[in-house]
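Peer 1: This is the structure I have questions about; it appears just below.
The values are calculated or read from the model by the stated rules, or taken from the named source; none is laboratory data. Remember, it's a predicted structure, so these values are computed and weren't measured experimentally. Every residue, glycine among them, receives a Cβ derived from its backbone with ideal geometry; neighbour counts consider all protein chains shown.
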Amino acid sequence: MSTSKARLGGVLIPLAVWTLSVPVADGAFRLAGDRPSRDLQGLFVAVGDSGYKLGSNVHTWADFYTGRMDVYTDDLGLRCGPDRSSRTTRGDTVDVLFLGDSQGFGNLLNFDETIVGQIQRQAAGRQLRMANAGVGGHYLRNQLELAKWMHDKEQITIRKVVILLTPIMIQTAGRYNRVAVGSDGRLYSSKPSQLSKLALWAKTRTVVYSRIRGAFRQVVGLRGMVGRLVGTQRDDPVVVQLFATDKVNEREAALVQILEETRDWARSIGASVDLVYTPLAAELDFGSVQETARLVGATVDADTPFGLAKEAAAEVGIGFLDLRPALTTVRRARQPVTMEGDPHYGPAASAASAELIWSFLFPQQNPGPEEGR
């Protein structure tokens, strides 16, 4: 046998064995109850000027290496639980409408583990209706558009609007996020490549893909997919921009303007507005952000987004709550603040945040969400 044939055999034989073993492994996982990821198929619909929202009455899911996230939506396309009590329908009265981005949505968590899900569970026992309009990737202007649509088109009566304001929403204040919604109900920032199409095919048709991907990420320590897309990792230069000390006046002016628009609209429909500063976990361990800032020649301050939010709320004349103490409580209890390898809050941080928000909104009706556990 020639050397070249021997080398070829050394490659083809293991490849053939691996190819034949994949269906066997996939079948074994399915027998154990696993299902292929839908990768959030069918979740989104296009609205407005190249905007998007969640589709109505959807049940989809995605598998991350942190586990599976199921997403249910109601008639209006708001995230809810599988039970009817958490759903909002046309003509309902909502006591508190929560606006936010992926943190408010509760990325990587099932609904009952999210901030709003835990508040809603407690509110149900007191005949209060909560609704979560948060959508991953939405800027505040996208959220304001969605809230107006709920009131004007779906005849929803809203008594209070609570904005779960993250540093990313502060940075994008006044802007409108435009993306493409594919025919499969997924979001695309650009035309998918052949490799990404192949990965999506494997992800949504096999169980073994998610298992292998999860194991690989755990071994090599790759960051969470969503965290990479939105640039919220602690050592990402994009994060440095969120805490940069330059152009503070310009950023505050933009935030004040969109908050005034939100406040004025809310008042026009008889609602009030509260602002909840929803920090990044990176603010608890700011050293890596400072190191990245040093490398790119930027000056940062962990209090920059908090200061912008607090000053803007005071100028606009709306209520203000800081969630940083909730994250500090979780850290002191030696519980993980975020999901593993991803910047979004884990169950413990979401629970602590929900309790603090409940106490802020309904001080006469405590104890908070802990009571319902």
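Peer 1: So the check is Cβ under 9 Å with 6+ separation or different chains; which pairs have a first residue in the range 240-258 that's under 24 Å from residue 293 (Cα atoms) and a second one that's β-branched (Val, Ile, Thr) and loosely packed, with under 14 Cβ neighbours inside 10 Å?
Peer 2: Hits for this filter: 240/296; 244/299; 245/299; 246/299.
Peer 1: When you scan the range 226-238, do you find a residue that is at pLDDT 50 or above, under 19 Å from the mean Cα position of the chain (by Cα) and part of a helix (DSSP H, G or I), even just one?
Peer 2: yes
Peer 1: How about the range 151-174: which of its residues are assigned to a strand (DSSP E or B) and among the charged types (D, E, K, R)?
Peer 2: Matches in the range 151-174: 160 only.
Peer 1: Same structure, new question: Could you list, in sequence order, all residues of the range 315-330 that are without any contact (Cβ under 8 Å) to a residue 24 or more places away in the chain and over 19 Å from residue 104 (Cα atoms)?
Peer 2: Applying the first criterion (without any contact (Cβ under 8 Å) to a residue 24 or more places away in the chain) to the range 315-330 yields 329-330.
Once the filter is applied, which keeps residues that are without any contact (Cβ under 8 Å) to a residue 24 or more places away in the chain and over 19 Å from residue 104 (Cα atoms), the range 315-330 yields only 329.
Peer 1: Taking the stated definitions as given, is residue 333 over 21 Å from the mean Cα position of the chain (by Cα), surrounded by fewer than 19 Cβ atoms within 10 Å (Cβ to Cβ), touching a residue at least 12 places away in the same chain (Cβ under 8 Å) and under 30 Å from residue 67 (Cα atoms)?
Peer 2: yes
Peer 1: Tally the residues that are touching a Lys or Arg at 6+ places or on another chain (Cβ under 8 Å) and under 14 Å from residue 107 (Cβ atoms), restricting the search to the range 66-91.
Peer 2: 1
Peer 1: Here's another thing I want to ask about it. Please go through the range 42-72 and give me each residue that is among the polar types (S, T, N, Q) and over 18 Å from residue 179 (Cβ atoms), ordered by number.
Peer 2: 56, 57, 66
Peer 1: When only residues in the range 269-294 that are within 22 Å of the chain's Cα centre (by Cα) and under 16 Å from residue 160 (Cα atoms) count, which is surrounded by the fewest Cβ atoms within 10 Å (Cβ to Cβ)?
Peer 2: Among those that are within 22 Å of the chain's Cα centre (by Cα) and under 16 Å from residue 160 (Cα atoms), it is 274.
Peer 1: While we're looking at this one, here's another question. Which of the residues belonging to the range 331-357 are out of contact with any helix residue (DSSP H, G or I) (no Cβ under 7 Å at 6 or more places or on another chain) and either in a helix (DSSP H, G or I) or under 15 Å from residue 119 (Cα atoms) (or both)?
Peer 2: 332, the sole residue that qualifies.
Peer 1: Select from the range 46-59 the residues that are over 14 Å from residue 135 (Cα atoms) and assigned to a strand (DSSP E or B) and list them in ascending order.
Peer 2: Selection gives 59 alone.
Peer 1: Only one of 312, 352 is touching a residue at least 24 places away in the same chain (Cβ under 8 Å), within 17 Å of residue 169 (Cβ to Cβ) and surrounded by 20 or more Cβ atoms within 10 Å (Cβ to Cβ); which? Reasoning before the result, please.
Peer 2: On the way: 352 fails: within 17 Å of residue 169 (Cβ to Cβ).
It is 312.
Peer 1: Just to be sure before I move on: is residue 219 assigned to a helix (DSSP H, G or I), of a type in the set (Val, Ile, Thr), surrounded by fewer than 14 Cβ atoms within 10 Å (Cβ to Cβ) and at pLDDT below 95 in the structure I sent?
Peer 2: Yes, satisfied.
Let's see how each residue does on (1) over 21 Å from residue 115 (Cβ atoms); (2) assigned to a loop (DSSP other than H, G, I, E, B); (3) among the β-branched types (Val, Ile, Thr):
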{"site": "256", "(1), (2), (3)": "yes, no, yes"}
{"site": "282", "(1), (2), (3)": "no, no, no"}
{"site": "291", "(1), (2), (3)": "yes, no, no"}
{"site": "306", "(1), (2), (3)": "no, no, no"}
{"site": "320", "(1), (2), (3)": "no, no, no"}
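Peer 1: On to the next question. Does at least one position in the range 301-308 carry a residue that is out of contact with any Ser or Thr (no Cβ under 9 Å at 6 or more places or on another chain), in contact (Cβ under 8 Å) with a residue 40 or more places away in the chain and of a type in the set (A, V, I, L, M)?
Peer 2: Taking every residue of the range 301-308 in turn, at least one turns out to be out of contact with any Ser or Thr (no Cβ under 9 Å at 6 or more places or on another chain), in contact (Cβ under 8 Å) with a residue 40 or more places away in the chain and of a type in the set (A, V, I, L, M).
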